[in-house]
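To keep things clear, I will list the structure first and then write my remarks on it.
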Amino acid sequence: MAFPSAPSTLWSVSLLTVLFAAAVHSNIIDDDDPMQPVTSDETVSVGGTVTLTCRVAESDNSSLQWSNTAQQTLYFGAKRALRDNRIQLHFSSSTELSIDIGEVQLSDEGEYTCSLFTMPVRTARATVTVLGVPGKPQISGFENAVPEGGTVTLTCTSTGSKPAARLRWYRGDQELEGHTELVESVPDEPTSNVSSKLTLEVSRGDDNDLIICAVDHPSLAPGDKRSEQTLRVLYSPDVQILPESNLPREGEKFYLQCLGNGNPEPVEYKWDKKDEVLPPQAKVDGAYLRFESLNKSDNGVYLCYADNGIGNSQGEYTLLVQDLMEPDSPDTTLSFLDSTTSPSSSTISLPTSSPLDVFSGSGSDYSSLPDLTPTSTSSSTSSPDSSASPTPSTADMSTAIFELSSTPLSNALFPRPSFRSNFSYHLRKHRSLPCLLLLQLLLPYSLSYRRADRSLHFHR
């Protein structure tokens, strides 16, 4: 076997080195070359518009040119080269050429070339990435309401995304964890279909909750594409009995209402009285139990049963009938007597249930309306006319005093000279106090209440 001589070998190596250096030099971009075109990569969604810009720092009036992925010339300077109305001139000068590509399609993705026709020709490339916009998600798997304690599996699907979208589940603002996410490539298309499943065990608290499936993709803002599914949960009633009033009184009309909070609403109600039969005057009217006239014999625990077909439940209410309310207006008697009582005062005994300690009033001012301004006292309390009446001691009187002024009406109705010094007034209950105070306004007397003997004193 013959080997080449040493000089021949060295010559061959030198030739290869020169060729390699020339090839490498042809692909090196000189950053210091002011006539080297500069471009940038762009990303656009399907249906959008992308702008491709090519610039040089200096120009010798050579033309810039844009070519597409198939090396077809799109624009040569300001002149259109390809008949495609989606491609329009954006800006042209000796140092810049910008074009717009509208209604972008997936097929527009690829590498575009900008060339400056000098000697040698200088070029730069820009890669256009086209995003496939995913379709609105569709939720399936929920057709009918689910019984409480059951499970429901929802499936969310979105089509046509590039790159493959991600599906997220939410209940309100809370993100839920889905499972079994699938990605399927579309035949003869660079897009994908994605799906995700969510399994929930439901309770009555989940009824009417919104479950959301949202698409997460670079071509979309958060929440741009989402679908909602309302959960419907079937559950037995939760029974509550509401009274017409909280103070049912003897002799009044009254009813109890049975509320069965369930899904569906109860269709059957049943009323009963614990350990007894229903009173004859209690009438069942569906969810209502009505009493025409309450009686204390109606006292007891009442039960309501509600059934909605999913289940049944009961509630109870304890009825306690109050005494018949007495009229607010007092039963009063005024008698003018010439008895042996003191000519300067009369005494009225108050019931022990009266919560009042002391009240004092004056009839000396006949020109003003009633004044209920409270005042405080120190060691003793008396009316403006106290010089003519005994002053109660501090131990017998409270510190709360109300000064009351009578009106000119007392002069018209009861002229001072015509009043006898003795009269009696009977109080039923402390509810008569407002009427008593009104009476004091009309009479030229000062009055006070002494706790020691629970008596009311009128002073002239």
Cβ under 10 Å from residue 306's Cβ, residue 306 left aside: what net charge do those residues give with Lys, Arg +1 and Asp, Glu -1? -3
If I take R0 = 35 Å and measure r between the Cβ atoms of residue 303 and residue 232 in this structure, what FRET efficiency does the formula 1/(1 + (r/R0)^6) give, to the nearest 0.05? 0.70
Between residue 58 and residue 277, the two model label points (7 Å from Cα along the beta-carbon direction) sit apart by a distance in nm of 11.8 nm
15 Å beta-carbon shell around residue 150, net charge (K/R +1, D/E -1): -4
Would the range 148-261 count as rounded, prolate or oblate if I go by the C-alpha gyration tensor, calling it rounded below 1.5 in a/c and otherwise prolate when a/b exceeds b/c, oblate otherwise? prolate
Residue-count net charge about residue 62 - beta-carbon cut-off 15 Å; Lys, Arg +1, Asp, Glu -1: -1
If ligands, DNA and RNA are left out, what is the accessible area of residue 59 with a 1.4 Å probe, given in Å² to the nearest 10? 40 Å²
Distant-in-sequence amide H partners of residue 178 (H built 1.01 Å from N, under 5 Å): 169
Might you work out the accessible area of residue 93 for me, using a 1.4 Å probe with all protein chains in place, and round it to the nearest 10 Å²? 50 Å²
Once phi is turned into θ = phi - 60°, what whole-Hz ³J(HN,Hα) does the Karplus curve with 6.51, -1.76 and 1.60 give for every residue of the range 49-54, x standing for Gly and Pro? 10, 10, 10, 9, 10, 10
Measure off, as a whole percent, the carbon and sulfur share of the 1.4 Å-probe accessible area of the range 124-267, all protein chains present. 44 percent
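The values are calculated or read from the model by the stated rules, or taken from the named source; none is laboratory data. In this text, all values refer to a predicted model and were calculated from it rather than measured experimentally. Here the Cβ is made from the backbone with ideal geometry for all residues, glycine too, and neighbour counts use every protein chain on show. With ligands, DNA and RNA removed, areas are computed over all heavy atoms of the protein, side chains included. Shrake-Rupley method; radii C 1.70, N 1.55, O 1.52, S 1.80 Å.
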